[in-house]
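Trainee: What follows is a structure written as structure tokens; I'll ask about it next.
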Ligand SMILES: [Zn+2]
């Protein structure tokens, strides 16, 4: 069933587990992710990021993500990861995404606050949730010193208060992509931020962290972990193991990719402690679904009245 971030992250925060966000740029990834969530009875967040649009345009991805989320037996949030401009975020909301991240973390602080505050208002009007980022999670190998961009706890509180966001992505030694050197997370900082702000915290750049890193980060206050590289690689490894002759077709490789993604995502869900917690978010997701239906009825009624009025003119 379709859910938003609040539905799944507040129970996670309260019970000290984390919900994974797995980006699904094609339908095999989406099938593997949902299969993992259903078999482990985990809530899950599934989506795509603006930098991944070349591999799966936003509208095309929405054509399978939303129906698959609605059909799933567990709560599934359909989330835009790293929306970089306003139009992209609006388009995702129009397509029915239940959650967006508006990443203005490279803008000056006041600009980040203003842009995210405005978008939070729009998202909330539509019953969707929004994630912001403060500090900046860079890319592995981009040559910058990550400590310069670590999230400052007091600033984080000010940011959350002023923007009204539902979840906050923090920079604590994590980075996107594959790590060249073993990452060193600042667990102290995670704990301090978690005690300073009320909203759930998000850890980006999860692929390549050790099991200890994940467990400790979640224990200190992380409620959402973003994973892409690990399932991206797992899909190809699965296909590679199956591919042993040019006689094979794509239909031989599809099940291998789905299964490999399912295995990898299940492993992460076990590590994050979300297994067996699907029912935590169910009640909220059901209420949400009900509101969505009511809103639909209202919208249809309004359109019918408008059409009738136009006919009479
Ligand atoms: Zn990220």
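Trainee: So, in the range 156-181, how many residues would count as being at negative phi, in contact (Cβ under 8 Å) with a residue 24 or more places away in the chain and in a loop (DSSP other than H, G, I, E, B)?
Mentor: 9
Trainee: Name the residues in the range 187-222 that are surrounded by fewer than 16 Cβ atoms within 10 Å (Cβ to Cβ) and outside any helix (DSSP H, G or I), would you?
Mentor: Within the range 187-222, 198, 210 qualify.
Trainee: Failed condition for residue 57, given (1) surrounded by 15 or more Cβ atoms within 10 Å (Cβ to Cβ); (2) more than 17 Å from residue 164 (Cα to Cα), with all others met?
Mentor: So residue 57 meets the others, but not (1).
Trainee: Let me ask something else about it. Kindly check whether there is at least one residue in the range 15-26 that is in a helix (DSSP H, G or I) and over 19 Å from residue 236 (Cβ atoms).
Mentor: Yes, the conditions are met somewhere in the range 15-26.
Trainee: Just one of the numbered conditions (1) over 29 Å from residue 59 (Cβ atoms); (2) at pLDDT below 95; (3) loosely packed, with under 15 Cβ neighbours inside 10 Å is not true of residue 106; which one?
Mentor: Of everything listed in (1) over 29 Å from residue 59 (Cβ atoms); (2) at pLDDT below 95; (3) loosely packed, with under 15 Cβ neighbours inside 10 Å, residue 106 misses just condition (1).
Trainee: So for the range 89-101 (the condition being in contact (Cβ under 8 Å) with a residue 60 or more places away in the chain, away from the ligand (no atom under 16 Å from the Cβ) and either assigned to a loop (DSSP other than H, G, I, E, B) or over 13 Å from the mean Cα position of the chain (by Cα) (or both)), does at least one residue qualify?
Mentor: yes
Trainee: Restricting the search to the range 37-68, which residues are within 26 Å of residue 273 (Cα to Cα) and under 16 Å from the mean Cα position of the chain (by Cα)?
Mentor: 37, 42, 43, 44, 45, 46, 47, 48, 49, 65, 66, 68
Trainee: So, residue 287, is that one farther than 30 Å from residue 175 by Cβ and assigned to a helix (DSSP H, G or I) or not?
Mentor: For residue 287, the condition - farther than 30 Å from residue 175 by Cβ and assigned to a helix (DSSP H, G or I) - is met.
Trainee: Output yes when any residue across the range 162-174 is surrounded by fewer than 20 Cβ atoms within 10 Å (Cβ to Cβ) and more than 22 Å from residue 228 (Cβ to Cβ), and no when none is.
Mentor: Checked the range 162-174: at least one residue is surrounded by fewer than 20 Cβ atoms within 10 Å (Cβ to Cβ) and more than 22 Å from residue 228 (Cβ to Cβ).
Trainee: Hey, among the residues in the range 121-141 that are assigned to a strand (DSSP E or B) and surrounded by 18 or more Cβ atoms within 10 Å (Cβ to Cβ), which one's farthest from the ligand (Cβ to nearest atom)?
Mentor: 129
Trainee: Could you list, in sequence order, all residues of the range 117-159 that are over 22 Å from residue 175 (Cα atoms) and touching a strand residue (DSSP E or B) at 6+ places or on another chain (Cβ under 8 Å)?
Mentor: Matches in the range 117-159: 119, 120, 123, 124, 128, 129.
Trainee: Could you grab me the full set of residues in the range 142-153 that are part of a helix (DSSP H, G or I) and in contact with a helix residue (DSSP H, G or I) (Cβ under 7 Å, 6 or more places away or on another chain)?
Mentor: 153
Trainee: Would you confirm whether or not the range 242-252 contains a residue that is in a helix (DSSP H, G or I) and either over 25 Å from residue 33 (Cβ atoms) or within 16 Å of the ligand (Cβ to nearest atom) (or both)?
Mentor: no
Trainee: Looking only at the range 47-82, which residues are under 23 Å from residue 132 (Cβ atoms), more than 16 Å from the ligand (Cβ to nearest atom) and in contact with a helix residue (DSSP H, G or I) (Cβ under 7 Å, 6 or more places away or on another chain)?
Mentor: 58, 62, 65, 75, 76, 78
Trainee: Right, here's the next one. Of the conditions (1) surrounded by fewer than 19 Cβ atoms within 10 Å (Cβ to Cβ); (2) closer than 26 Å to residue 224 by Cα; (3) at pLDDT below 85; (4) touching a helix residue (DSSP H, G or I) at 6+ places or on another chain (Cβ under 9 Å), residue 281 fails just one. Which one is it?
Mentor: In the conditions (1) surrounded by fewer than 19 Cβ atoms within 10 Å (Cβ to Cβ); (2) closer than 26 Å to residue 224 by Cα; (3) at pLDDT below 85; (4) touching a helix residue (DSSP H, G or I) at 6+ places or on another chain (Cβ under 9 Å), residue 281 misses (1) alone.
The values are calculated or read from the model by the stated rules, or taken from the named source; none is laboratory data. All values derive from a computational prediction rather than experimental measurement. Cβ atoms come from the backbone with ideal geometry, glycine included; neighbour counts cover every protein chain shown.
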